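The values are calculated or read from the model by the stated rules, or taken from the named source; none is laboratory data. The shown structure was predicted, so the numbers you read here are calculated from the model rather than taken from an experiment. Heads up, the Cβs are rebuilt from the backbone with ideal geometry, glycines too, and the neighbour counts pull from every protein chain shown. The protein model used for the area step is the full one, side chains on, heavy atoms only, and it has no ligands, DNA or RNA in it. Shrake-Rupley method; radii C 1.70, N 1.55, O 1.52, S 1.80 Å.
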Amino acid sequence: MRFSTLLFTLLILPTILFSQKDPIRFGKISKAEKAIKGTELDPDANAVILCDFGEIDFRGNSVEIIRHTRIKILNKKGVDEANIVLPYFFKDNNERIYKVKAQTINISNDGELEKIKIQKDDIYTIDASENWKEKRFTFPNVKVGSIIEYQYYKKSESVVSLEEWTFQNSLPTLKSQLNVLIGGDLDYKIVYNGNRLIKKYGSKNTNSWSLENSPPLKEEPYCPNPEDYVESIRFQLAGYKRYSAGGSEYVQLMTSWEKLAKDILNQQKFKDILNRKRIANKLLLQIIDENDEPLEKIKKIYSFVQNEIEWNGKYRLFPKEKFSTIMERKRGNSAEINLCLVRLLKSAGLHANPLVISTKGNGMITKAYPLYNQFNHVLAQVKIGEEDLLMNAISKFRPYNLLGKNDLKAEGFLLNKSESRWVKIKYPLKTRTVIVNNLKFENDKMKFKTSYVFFEHEAIDYRRKFHEEKGKKSFITTHLRKPIDEEEMTLDSFTVKNPHDLGKPFSVICHFSRTLEDGLESDIIYLNPFIKKHLDKNPFVNPIRYLPVDFILPSSEKFIYNLFIPEGFELAEIPNSIKFSTESKKISYTYAFSQASGRNIQLSSTYKVYSPLIYPGEYGDLRELFNKMMGLQATQLVLKRK
């Protein structure tokens with residue numbers, strides 16, 4: 001199951017009535033609602049939303065939203081749902097919430113309803129921040145089996161962007177419905193997000209939408225931004241009819257992507273970096289040589305920016321400082337660093353531009369809305385022949401031709417006043433790890449020589465950790481071989497290759513030793529062959545998953561264990577080799593045993609991700625693979641005396 005977004009235009013005449021009656025009435029509880037004790041949507045749910053109903057109507061130049069929500073408490077933890085917070089944007093009296101009413105409904109053993117209404121004095125208005133207020137209240141007498149419901153009106157002075165309606169919540173939702181009445185003079189663009197809405201409504205011209213039995217939206221392992229997949233509707237005013245004595249005309253409000261690119265580039269903060277040619281030209285004299293080839297220029301300029309300016313940890317679309325200030329302070333946000341990179345590339349005679357993106361955790365970009373607030377990060381684009389090379393210089397440990405994991409979204413928008421366009425962000429080469437562990441027995445000691453080789457993004461991560469630990473022993477004991485003390489292992493020595501060369505694999509060779517309590521006099525020796533697990537624990541234990549799994553990158557991990565069996569011993573049991581993969585062939589795992597000759601044996605464990613996005617329909621396969629893999633990588637080898 002793939003997740004989709006659909007855009008179409010909604011033009012509804014004011015005489016059209018809502019096609020469905022209200023699904024909920026205040027205080028009217030059905031027999032089915034009384035009987036509910038749980039839901040298959042989430043067997044562990046603490047509470048369930050019985051109905052979430054909204055109406056959006058226009059009152060002159062403002063919008064009125066009415067929302068009515070009913071929740072049933074399923075267990076003691078669900079009592080926390082009795083605390084309600086309703087935020088609204090009060091700056092310049094833009095929004096206000098009024099006509100709030102709420103009540104707790106308890107059901108007796110004979111089915112009678114006891115209703116406890118919240119009094120006006122129990123509803124508080126809180127200043128949440130400079131621009132936001134909150135209405136807060138707590139339902140009284142709430143217990144397991146209680147039904148709580150509340151209704152409120154919200155008035156908004158903004159008709160440009162209506163409030164988004166989400167059909168999914170943190171709780172399972174049995175029914176969610178939205179009715180919208182829009183005047184015929186207003187032209188709204190509607191964006192559906194999620195599969196069920198698109199399948200049910202497509203491009204139908206309707207003013208009422210509903211979904212039933214929606215699973216909860218909650219964080220799950222390997223899903224950077226669950227909100228990307230929520231079933232929701234968004235509205236944006238594209239234009240309206242304006243009347244005059246001579247008739248009417250259509251007034252367009254929504255900008256185009258081309259105009260948005262020009263608007264961003266014309267922002268003074270952008271110009272304070274991109275227009276500073278003189279300073280950039282002067283800097284270039286110490287960075288590149290006149291006869292350098294284009295790629296060599298790119299590498300040198302990237303390395304200069306990467307090492308000269310420290311990232312402050314903030315992803316930003318707009319810079320705050322000028323080019324000269326950034327170079328003087330040697331510190332900046334992501335926009336500042338990469339815009340400086342673009343400026344220097346341009347001054348070197350290269351065709352370079354800013355590329356704006358939304359990072360992995362920031363959510364998807366909706367192309368239907370040319371709005372700059374969808375973006376939170378800037379990359380540098382430079383043309384090499386016919387190819388777009390995308391760069392991000394915020395990390396001191398990443399080579400010029402690799403983007404960060406957080407940058408790997410489907411597309412970015414290139415900012416250029418004459419040829420702005422969407423640019424596909426390609427997956428990088430497969431990131432790889434190879435670990436070879438050689439074990440020999442010498443007298444009463446086990447001697448290990450372990451080599452770690454990290455490629456691409458794994459090299460970036462471990463090279464960074466090495467420098468954070470200042471190259472000390474703690475790098476090994478904290479990040480490579482842990483818990484070393486519990487294994488009674490001694491780190492005798494280690495060497496590192498390519499700690500500074502970002503274009504090469506990062507390698508570590510360690511020598512460990514461990515003293516056998518009984519030496520080789522013992523009849524049985526237990527060995528854990530894999531010093532590093534593909535995963536410390538299985539993240540996919542839940543039998544049901546509604547969100548996709550995103551491993552972000554294609555990857556490969558191979559762990560090899562070479563054992564020279566001590567004289568007088570043999571394996572108590574020969575491991576069986578096995579290979580399996582998901583039905584989609586996106587993930588595979590191989591567990592292989594071989595005995596070269598006599599006392600030399602090899603055991604390997606290889607885990608590969610060929611395609612990193614796993615859809616919910618493929619989750620069962622993935623879960624089964626991980627269950628098998630976790631079991632095999634925990635298997636011990638047993639040596640017994642002959």
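Of the residues making up segment 299-352, those that are among the small types (Gly, Ala, Ser), in a helix (DSSP H, G or I) and more than 28 Å from the chain's Cα centre (by Cα) are Ser303, Ser324, Ser347.
Pairs only if they're at least six apart or on different chains, beta carbon under 7 angstrom, first in segment 324-342 and open to solvent by less than 50 Å² (accessible area, probe 1.4 Å), second of a type in the set (D, E, K, R) and assigned to a helix (DSSP H, G or I); list them, first residue then second. Listed pairs, sorted by first residue: Ile326/Glu336. Ser108 meets each of the listed conditions (1) touching a residue at least 24 places away in the same chain (Cβ under 8 Å); (2) open to solvent by less than 60 Å² (accessible area, probe 1.4 Å); (3) under 22 Å from Ile29 (Cβ atoms) apart from (1). For the criterion of being out of contact with any helix residue (DSSP H, G or I) (no Cβ under 7 Å at 6 or more places or on another chain), among the charged types (D, E, K, R) and in a strand (DSSP E or B), Lys115 passes. Just to be sure, is Asn528 surrounded by 12 or more Cβ atoms within 10 Å (Cβ to Cβ) and modelled with pLDDT under 90? When the stated conditions are applied, Asn528 passes them.
Scanning segment 599-616 for residues that are among the small types (Gly, Ala, Ser), open to solvent by 10 Å² or more (accessible area, probe 1.4 Å) and over 17 Å from the mean Cα position of the chain (by Cα) returns a single hit, Ser604.
If only one of Glu583, Glu567 is farther than 30 Å from Lys360 by Cβ, among the charged types (D, E, K, R), assigned to a loop (DSSP other than H, G, I, E, B) and without any contact (Cβ under 8 Å) to a residue 40 or more places away in the chain, which one is it?
Answer to the selection: Glu567.
Residue count for segment 111-123, restricted to those that are of a type in the set (A, V, I, L, M) and either open to solvent by 100 Å² or more (accessible area, probe 1.4 Å) or closer than 19 Å to Glu33 by Cα (or both): 2. Scanning segment 236-252 for residues that are of a type in the set (A, V, I, L, M) and crowded, with 16+ Cβ neighbours inside 10 Å turns up Leu237, Ala238. I'd like to know if segment 33-53 contains one or more residues that are in a loop (DSSP other than H, G, I, E, B), in contact (Cβ under 8 Å) with a residue 40 or more places away in the chain and either over 28 Å from Glu220 (Cα atoms) or touching an Asp or Glu at 6+ places or on another chain (Cβ under 6 Å) (or both). Within segment 33-53, none of the residues are in a loop (DSSP other than H, G, I, E, B), in contact (Cβ under 8 Å) with a residue 40 or more places away in the chain and either over 28 Å from Glu220 (Cα atoms) or touching an Asp or Glu at 6+ places or on another chain (Cβ under 6 Å) (or both).
Taking the conditions (1) among the hydroxyl-bearing types (Ser, Thr, Tyr); (2) closer than 22 Å to Glu308 by Cα; (3) open to solvent by 50 Å² or more (accessible area, probe 1.4 Å) in turn, Ser395 satisfies each one other than (3).
Residue-by-condition table, conditions (1) in contact with a helix residue (DSSP H, G or I) (Cβ under 6 Å, 6 or more places away or on another chain); (2) without any contact (Cβ under 8 Å) to a residue 12 or more places away in the chain; (3) crowded, with 18+ Cβ neighbours inside 10 Å:
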| position | (1), (2), (3) |
| --- | --- |
| Ala410 | no, no, no |
| Leu414 | no, no, yes |
| Phe454 | yes, no, yes |
| Ser474 | no, yes, no |
| Arg481 | no, no, yes |
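The listed residues are Lys77, Lys72, Lys101, and the only one of them that is under 31 Å from the mean Cα position of the chain (by Cα) and either open to solvent by 60 Å² or more (accessible area, probe 1.4 Å) or at pLDDT below 95 (or both) turns out to be Lys77. Screening Val85 against (1) closer than 15 Å to Asn169 by Cα; (2) surrounded by 15 or more Cβ atoms within 10 Å (Cβ to Cβ); (3) within 27 Å of the chain's Cα centre (by Cα) leaves a single unmet condition, (2). Kindly indicate the residue of segment 402-419 that is more than 23 Å from Leu553 (Cβ to Cβ) and either of a type in the set (Lys, Arg) or modelled with pLDDT under 95 (or both) and also farthest from the chain's Cα centre (by Cα) among those meeting that condition. Per the stated criteria, the residue is Ser418.
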